[in-house]
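**Student:** Dropping a structure here in structure tokens format, bear with me for questions.
Nothing in this text is a laboratory measurement; each read-out follows from the coordinates by a stated rule. Because the structure is a prediction, the values reported are computed rather than measured. As a convention, Cβ positions derive from the backbone with ideal geometry for all residues, glycine included, and neighbour counts pool all protein chains shown.
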Amino acid sequence: VHEIDKPGNIETVRYWDVDGDGRVEVVPNAADKIVVYKLVRDAAGKPAGKFEKTQLHQGGIGHGLGYGDINGDGRGDFVGVGGWLECPKEGLKGQWAWHPEFKFGMTSVPILVYDVDEDDLADLIFGAGHPYGLWWYKQGKDADGKRGWTKNDIDPDRSQYHDMTLADVDNDGKPELVTGKRYRAHNGRDPGASDPIGVYYFKIDRGRFRRVTLDYGPADKTAGMGLFFWVADVDGNGWKDIVAPGKSGLYLFRNMGALKNRSDGREK
């Protein structure tokens, strides 16, 4: 075991290419701060077995963490529950600017940055993490260019949407929102802890979300969506599968592709 650092209590870790060199950095959701760990390499590009730590911000991050280009300048920014952290031209070496434009409370990890309504402004998608709710927040600007955020429901009736990703699971060239309920995240103490669990993806169409249910029911018979599920083509058939870990078990959802209408061969 090799200790990297002790940044504080860590619930989950994300991997994003923060400096744009084509290799991911390690970003933990820890202690209400943004801290980035970059793997040190020698002149030949070989890993040196140690990490370079850069703390970018303290405060306003809370139970939630996201990464993406908020302001459209081509650089990735960080998102917390109390605002977003703007990347400067100098990247990790520069001074990052904090914008306290919202106050979400508790959210999923990650908070997704995506242009939901295709208006060329990045929006935010996230769950409540532990309580009920799954939402997207529309980014808008007034006549003076001041940025604002408008809340929109996706699924307010299910709790513990804790992990999520965007992935094209139906091969239509557009990403779907893949997520589900985390089972017993706080050992039965969360709102809706006894509700059925499930795994879903949501079709996104210019601000409208349509849920497709892959599994739903009691925890002893159903898959949930714990921390760090994965979406990848496991069996090599050209369709992305879902690996869903959690306290209800470890499950593989094999994507068999579009169903065919036997009479005319068309997909349905």
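**Student:** Evaluate the charge dipole of the stretch 52-143 about its Cα centre and quote only its size in Debye, nearest 20, assuming +1 on the Cβ of each Lys and Arg and -1 on the Cβ of each Asp and Glu. All intermediate terms of the calculation are to be shown ahead of the outcome.
**Tutor:** Numbers: 7 positive and 14 negative charges, 102 e Å.
Using only the charged Cβ atoms, the result is roughly 500 debye.
**Student:** Pairs of alpha-carbon atoms within less than 8 angstrom and 6+ residues apart define the contacts here; what relative contact order does the chain have, in percent? All intermediate terms of the calculation are to be shown ahead of the outcome.
**Tutor:** Values: 666 pairs, mean separation 24.6, N = 268.
Here the relative contact order equals 9 percent.
**Student:** If you count, for each residue, the other Cβ atoms within 10 Å and average over each peptide, how do 15-27, 180-192 line up from highest to lowest? If you can, show how the numbers build up before the last one.
**Tutor:** On the way: 15-27: 15.1, 180-192: 18.2.
Going by the mean number of other Cβ atoms within 10 Å, highest first, we get 180-192, 15-27.
**Student:** Find the relative contact order for the stretch 1-138 and round it to a whole percent, using C-alpha pairs within less than 8 Å whose residues are 6+ positions apart. List each step's numbers first, then the result.
**Tutor:** On the way: 314 pairs, mean separation 21.6, N = 138.
The normalised contact order for the stretch 1-138 reaches 16 percent.
**Student:** Could you work out how much longer the chain between Asp233 and Lys6 gets when fully extended? Use 0.36 nm per residue separation minus the Cα distance between them, nm to one decimal. Can you show the working numbers first?
**Tutor:** Working: separation 227, 0.36 × 227 = 81.72 nm, distance 3.49 nm.
So the extension gain works out to 78.2 nm.
**Student:** By counting other Cβ atoms within 10 Å of each Cβ, how are Met256, Met106, Met164 ranked from fewest to most? Please list the in-between numbers first.
**Tutor:** Values: Met256 10, Met106 16, Met164 24.
Least to most surrounded, the residues fall as Met256, Met106, Met164.
**Student:** In the set (i) 17.5; (ii) 14.4; (iii) 12.9, which value of mean projected area of the Cα convex hull in nm² was calculated from the structure you see?
**Tutor:** (i)
**Student:** Show me the ranking of peptides 202-212, 40-50, 144-154 by mean Cβ neighbours inside 10 Å, starting with the highest. Before the final figure, lay out the partial values.
**Tutor:** Working: 202-212: 14.8, 40-50: 8.7, 144-154: 11.9.
Descending mean neighbour count gives 202-212, 144-154, 40-50.
**Student:** Report, in debye and to the nearest 20, how large the dipole of the stretch 8-55 comes out about its Cα centre when Lys and Arg carry +1 and Asp and Glu carry -1 on their Cβ. Don't skip to the end; give the middle numbers.
**Tutor:** Numbers: 8 positive and 8 negative charges, 35 e Å.
The dipole of the stretch 8-55 has a size of about 160 debye.
**Student:** How many percent of Cα pairs in the stretch 172-268 exceed 16 Å?
**Tutor:** Working: 2865 of 4656 pairs.
Here the long-distance tail beyond 16 Å is 62 percent of all Cα pairs in the stretch 172-268.
**Student:** Could you give me the radius of gyration and the Dmax of the stretch 1-132, taking only the C-alpha atoms into account and expressing both in angstrom?
**Tutor:** Just the Cα atoms of the stretch 1-132 yield Rg and Dmax of 15.1, 50 Å.
**Student:** Using only the Cα atoms of the stretch 32-90, what do you get for the radius of gyration and for Dmax, in Å?
**Tutor:** Looking at the stretch 32-90, its Cα Rg and Dmax stand at 13.8, 41 Å.
**Student:** How do Lys240, Lys53 rank when sorted from fewest to most other Cβ atoms within 10 Å of their own Cβ? Display every interim value, and only then the final one.
**Tutor:** Details: Lys240 19, Lys53 13.
The most exposed by this proxy come first: Lys53, Lys240.
**Student:** What list do you get for Ser194, Ser248, Ser159 if you sort them by fewest beta carbons within 10 Å? Working shown, then result.
**Tutor:** Working: Ser194 10, Ser248 21, Ser159 24.
Placing the least packed residue first, the sequence is Ser194, Ser248, Ser159.
**Student:** Within the set of other residues whose C-beta is less than 13 Å from the C-beta of Asp241, count the net charge using Lys and Arg as +1 and Asp and Glu as -1. Mind dumping the intermediate values first?
**Tutor:** Numbers: positive: Lys240, Arg254; negative: Asp168, Asp170, Asp233, Asp235.
In short, -2.
**Student:** Can you find, among Trp84, Gly8, Pro218, the residue farthest towards the positive end of the dipole of the chain? Put +1 on the C-beta of Lys and Arg, -1 on that of Asp and Glu.
**Tutor:** Result: Pro218, furthest along the dipole toward the positive end.
**Student:** Would you calculate the separation in nanometres between label points at Asp168 and Asp195, each defined as 7 Å from the Cα along the Cα-to-beta-carbon direction?
**Tutor:** Result: 3.2 nm between the two label points.
**Student:** Looking at this model, which pairs from Lys151/Lys181; Lys6/Lys151; Lys38/Lys181; Lys138/Lys181; Lys103/Lys138 are more than 26 angstrom apart at the alpha-carbon?
**Tutor:** Working: Lys151/Lys181 21 Å; Lys6/Lys151 36 Å; Lys38/Lys181 32 Å; Lys138/Lys181 23 Å; Lys103/Lys138 14 Å.
Correct reply: Lys6/Lys151; Lys38/Lys181.
**Student:** About its Cα centre, how strong a charge dipole does the chain have in debye, to the nearest 20, once Lys and Arg get +1 and Asp and Glu get -1 at the Cβ? Numbers along the way, then the final one.
**Tutor:** Numbers: 37 positive and 42 negative charges, 131 e Å.
The calculation lands at about 620 debye.
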